[in-house]
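Presented below is the structure to which this report refers.
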Amino acid sequence: MVGIIGYGTQIPRFRIKVEEIAKVWGADPVALKRGLNLNEKSVPAPDEDCATLAVNAARDAVKRAGINPAEIGAVYVGSESHPYAVKPTGTIVSEALGACPFVHTADLEFACKAGTEGMFIALQLVKAGAVKYALAVGADTSQGAPGDALEYSASAGAAAFVMGADNLVAELVDTHAYMTDTPDFWRREHAHYPEHGGRFTGEPAYKKHITGAVNAILDKTGLKPSDFNYMIFHQPNGKFPVQVAKKMGFTEPQYRYGLLTPTLGNTYSGSSPMGLAATLDEAGPDELILLVSYGSGAGSDAFVFKTTERLPEIRDLAPKVKKQLDTNKTYLEYGAYAKFRRKILKPE
Amino acid sequence: MREVAIIGIGMIRFGELWEKSLRDMCVEASLNCFKDAGTDRVDSITVGCMSSGLFTGQEHLSSLVPDYLGKINTPASRVESACASGGLAVRTAFLEVASGISDYALAVGVEKMTDVSVNEATYALATASDRDYEAFHGITFPGLYAMLAKAHMDRYGTTREQLAEVAVKNHANGVLNPYAQFPFPVTRETVMNSTMIADPLRLLDCSPITDGAAAVLLTTETEAKRLKKNPVVGITGIGMGTDTIALSQRKDILRLDAIDHAVRRALKMAGKKIGDIDFAEVHDCFTIAEILVVETMGIVDQGKGGPATIDGLTALTGKFPVNPSGGLKAKGHPVGASGVAQICEAVEQLRGNAGKRQIDNARSGITQNMGGSGGSCVCHVLEVK
Amino acid sequence: MNVPKHWRESPQRYRMEAGKCRKCERIFFPGRLVCPECGHTGFDMVKLSGKGKLHTFTVIRTAPSGFTDFAPYAVGIVELDEGIRILGQITDCDPDSLQTGDRLTSKFRRMNDEGKTGMIMYSYKFVPDNGI
């Protein structure tokens, strides 16, 4: 038996509203908010990046797990905004946690799916008996080009999970992948902002892969949508996951805790993992959770978790997602946001 | 140990001296000093400078200064104790003469601060704090003293007005000093409405960024008398103290032990109590610093520095004048030069040559020059012999 | 290029490792080789909690090189629950609403970098201890 033994999250305190961005670009905020089911997004402070968000989330995960960090044998940070192009974020996270030096690490990148890919690797390493504990983090401070549709959603946050074989809070029931080469979104080397395929990101990309992964894991496990207490899909906006969920026979009570995008934005590698953390904050023991990520390029990882009696005992050891999301918020105007995100720069 | 006297002082006017280099300033101040002494005999040179490397890219002042002063082959050293480098240079020159190693010892204090931007200067000054555990975190010197001001306000009820009055008093004195960078008066309102630098300290609570140099020539008291110097001004007490480099590591951040030790040692050597002294030149790098220093020196009780300033105790005409020169605040603060310039002012006062800022019947004075947030402090007691 | 200098301090900056004198049991941060209290030279490593209260603070408005983009920012001396004081930035707060005595906790944050292509320095900073 393997699964999650601790989890933690970090969300920056800054927010920007859709209206504030729309005002600058002459867009219609009402149509955007309705079309994307998105009201505001998190913005990293100038002293936050993928590494800091990952460390702070991972510290809470270790706290909830109640383990000695030196016993963590593998650390994987998934992100599309690693602070260095070459030099791992995983070394920073491992060092800050006190996991060094007997620890495997490598950074992962798979658009918004890098976090769950790290979770898959971490779970399998524990299952194989290669390591006692493994840490997986999805963390991003993602950027949309000024005026692009992604600027309204690209946000910042991190979710971290410690995987182990004992004292589980959520047991891994099964996993399944669905992946093809589908170029719906990319960022070339040295490019500051990503480019995307517009409406091509919908049907052939997000929807096809999520649906494919869900069907595959339902087939494999023999479960049906109504068997799940909760489900989380990757959330590039608030609309896509709800559309696909409803079409596949899931209902609002199943995604109510995990759907965070309307007030968080898309935290990319942190997106569906953050939804899972928010669901673990509320779920009772012996409940089934379906987690399906999506990363452009493109692929989806599906996971079925079953919560344990231990979950309610450990979740108050660190702040819950809802508290991080709803308290101590500071709203930015576009000018400050542009400065924070280095969209405007002073001359060198 | 031989008795030591000051036979020459040399200043240049402090300010933003765009046309003068570090070497020019050292040489000018030294030549003024030789002229005042009536001799250019020098057996050793001690240069006090905090950070010529960061400010100008030039180290090795122990070669540069004798070279450009036309004193090649004179033993020279450069000493550094952050903003107390000047005081330390005088102390070192004192030891040269007192020990018998040199009969004539020149101490030159210098800092060339305007060759870099304000941000770079702020960075350079911050290296006087604990680089890895203070400056690394983005604290500045105004910031460290601002934290002291905040703590002093919290504990003793010191007010913004009281801080401002230190600047008002020192600028009033500075108006009378031909060497001052800022010889203009300020009001409490001007100080309290000036730009915030580090809460609660504002621009006019801070000493400026200044270019400048000052020099003193020391010899034995016997030699000074032989040269018929009248009056002979002697250094009768020297004292130095040190403390933790990081402010946060002190048991009580408002206790400046380095100053306490330096003052007590200097007074003990001179056989005096603070009440026997006629005036003080102290290290008012920030308004709060003067308040802390006059309290630590025992000029006023702990916590009473603010009210005493408002009451005029430390004014030029007060019972215990502090910073008749205008202090670092109005005279300017070329960090390595300030400690030497304090000695120059004390000598002017004791010779009765201080013009409109002359303190009546000044027979003894004390100088207090500190480094960092009080991590080091050098004091001298000067007397008319 | 100050890479070795920053790398050397990472146990303190990343994990707040301090030294505890084996003789008089006083804690020092950063660690020392000689106890200034009792002169002992044996120390054990202890990790600081990062939790404490604000002893005194200021708001830096004129910042040194490397920090100008962050101004205004708060820096304070924090009295940790272990009884020692350390200096650090206070982030994730409105600097003007800070009060002496405020409860704080530490977070891992970015301090600055050696230019756009240089090394990034990370360290502890403090944030108001509001449970997030």
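The values are calculated or read from the model by the stated rules, or taken from the named source; none is laboratory data. These numbers were taken from a predicted model, which means no experiment stands behind them. Here the Cβ positions follow ideal geometry from the backbone for every residue, glycine too, while neighbour counts run over all protein chains shown.
Only one of the numbered conditions (1) farther than 30 Å from A:T182 by Cα; (2) in contact with a Phe, Trp or Tyr (Cβ under 8 Å, 6 or more places away or on another chain) is not met by A:N328, and that is (2). Given A:Y133, A:Y152, A:Y178, which one is in contact with a Gly (Cβ under 9 Å, 6 or more places away or on another chain), in the same structural domain as A:I289 (by TED's automatic domain parsing) and of a type in the set (F, W, Y)? Only one candidate passes the filter, namely A:Y178. Considering the range A:63-89, the residues that are among the hydrophobic types (A, V, I, L, M, F, W, C) and surrounded by fewer than 24 Cβ atoms within 10 Å (Cβ to Cβ) include one that is farthest from the other protein chains (Cβ to nearest Cβ), namely A:I67.
Suppose we filter the range C:8-46 for residues that are surrounded by 13 or more Cβ atoms within 10 Å (Cβ to Cβ), among the acidic types (D, E) and not in a loop (DSSP other than H, G, I, E, B); how many remain? The number of residues fulfilling the criteria is 1.
The rows are residues; the columns are (1) over 23 Å from A:S94 (Cβ atoms); (2) polar (S, T, N, Q); (3) out of contact with any Cys (no Cβ under 6 Å at 6 or more places or on another chain).
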| position | (1), (2), (3) |
| --- | --- |
| C:L48 | no, no, yes |
| C:T68 | yes, yes, yes |
| C:A71 | yes, no, yes |
| C:C93 | yes, no, yes |
| C:Q99 | yes, yes, yes |
| C:R109 | no, no, yes |
| C:K125 | no, no, yes |
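Of the residues screened, C:K5 is not one that is away from chain B (no Cβ under 13 Å) and either out of contact with any helix residue (DSSP H, G or I) (no Cβ under 6 Å at 6 or more places or on another chain) or closer than 20 Å to A:D49 by Cα (or both). Taken together, A:A216, A:A205, A:A177, A:A191 contain a single residue that is among the small types (G, A, S) and part of a strand (DSSP E or B), which is A:A177.
Go through (1) more than 20 Å from A:S300 (Cα to Cα); (2) in contact with an Asp or Glu (Cβ under 8 Å, 6 or more places away or on another chain) one by one and return the number of the condition A:Y152 breaks. Tallying (1) more than 20 Å from A:S300 (Cα to Cα); (2) in contact with an Asp or Glu (Cβ under 8 Å, 6 or more places away or on another chain), A:Y152 fails exactly one: (2). Just one residue in the set B:E134, B:E120, B:E80 is within 14 Å of chain C (Cβ to nearest Cβ) and in contact with a strand residue (DSSP E or B) (Cβ under 8 Å, 6 or more places away or on another chain); that residue is B:E134. Scan the range C:59-74 and give yes if some residue there is part of a strand (DSSP E or B) and more than 7 Å from every other protein chain (Cβ to nearest Cβ), otherwise no. Yes, there is a match, as at least one residue in the range C:59-74 is part of a strand (DSSP E or B) and more than 7 Å from every other protein chain (Cβ to nearest Cβ).
Could you run through the range A:169-208 and say how many residues are within 17 Å of A:P273 (Cα to Cα) and touching a strand residue (DSSP E or B) at 6+ places or on another chain (Cβ under 7 Å)? Number satisfying all stated conditions: 9. A count restricted to the range A:210-243 and to residues that are within 16 Å of A:G299 (Cβ to Cβ) and among the aromatic types (F, W, Y) stands at 2. Residue-level check: of (1) more than 17 Å from A:K339 (Cα to Cα); (2) more than 23 Å from the chain's Cα centre (by Cα), A:W25 misses just (1). Filtering the range A:99-149 down to residues that are surrounded by fewer than 23 Cβ atoms within 10 Å (Cβ to Cβ), in contact with a Pro (Cβ under 8 Å, 6 or more places away or on another chain) and of a type in the set (A, V, I, L, M), which residue is nearest to A:G73 (Cα to Cα)? Filtering first and then ranking leaves A:A106. No other residue among B:K385, B:K329, B:K319 is surrounded by fewer than 19 Cβ atoms within 10 Å (Cβ to Cβ), touching a residue at least 40 places away in the same chain (Cβ under 8 Å) and basic (K, R) apart from B:K385.
For the range B:152-161, give me each residue that is more than 8 Å from chain C (Cβ to nearest Cβ) and either of a type in the set (D, E, K, R) or part of a helix (DSSP H, G or I) (or both).
Those that are more than 8 Å from chain C (Cβ to nearest Cβ) and either of a type in the set (D, E, K, R) or part of a helix (DSSP H, G or I) (or both): B:H152, B:M153, B:R155, B:Y156, B:R160, B:E161.
Could you check the range B:92-138 and list, in sequence order, the residues that are crowded, with 21+ Cβ neighbours inside 10 Å and in a loop (DSSP other than H, G, I, E, B)? Answer for the range B:92-138, where residues must be crowded, with 21+ Cβ neighbours inside 10 Å and in a loop (DSSP other than H, G, I, E, B): B:S102, B:Y104, B:K112, B:M113, B:A128, B:S129, B:D130, B:Y133, B:E134, B:G138. For the range B:227-278, taking the residues that are of a type in the set (G, A, S) and assigned to a helix (DSSP H, G or I), the one that is nearest to the other protein chains (Cβ to nearest Cβ) is identified as B:S248. Apart from one condition, C:H40 fits all of (1) within 16 Å of the chain's Cα centre (by Cα); (2) more than 7 Å from every other protein chain (Cβ to nearest Cβ); the exception is (1).
If I ask for residues that are assigned to a helix (DSSP H, G or I), of a type in the set (D, E, K, R) and away from chain C (no Cβ under 12 Å), which ones from the range A:303-348 would you list?
Across the range A:303-348, the qualifying residues are A:E313, A:R315.
For the range B:192-226, give me each residue that is away from chain C (no Cβ under 14 Å) and in a strand (DSSP E or B). Of everything in the range B:192-226, those that are away from chain C (no Cβ under 14 Å) and in a strand (DSSP E or B) turn out to be B:D211, B:G212, B:A213, B:A214, B:A215, B:V216, B:L217, B:L218, B:T219, B:T220. I'd like to check something: does the range B:139-151 contain any residue that is surrounded by 22 or more Cβ atoms within 10 Å (Cβ to Cβ) and not in a helix (DSSP H, G or I)? Checked the range B:139-151: at least one residue is surrounded by 22 or more Cβ atoms within 10 Å (Cβ to Cβ) and not in a helix (DSSP H, G or I). A single member of B:A337, B:A308 is under 15 Å from B:T287 (Cα atoms), of a type in the set (G, A, S) and in a helix (DSSP H, G or I), and it is B:A308. Only one of the listed residues (C:S106, C:S97, C:S49) is crowded, with 20+ Cβ neighbours inside 10 Å, more than 9 Å from every other protein chain (Cβ to nearest Cβ) and hydroxyl-bearing (S, T, Y). That residue is C:S106. When the range B:23-50 is filtered for residues that are among the acidic types (D, E) and in a helix (DSSP H, G or I), the ones remaining, listed by number, are B:D24, B:E28, B:D36.
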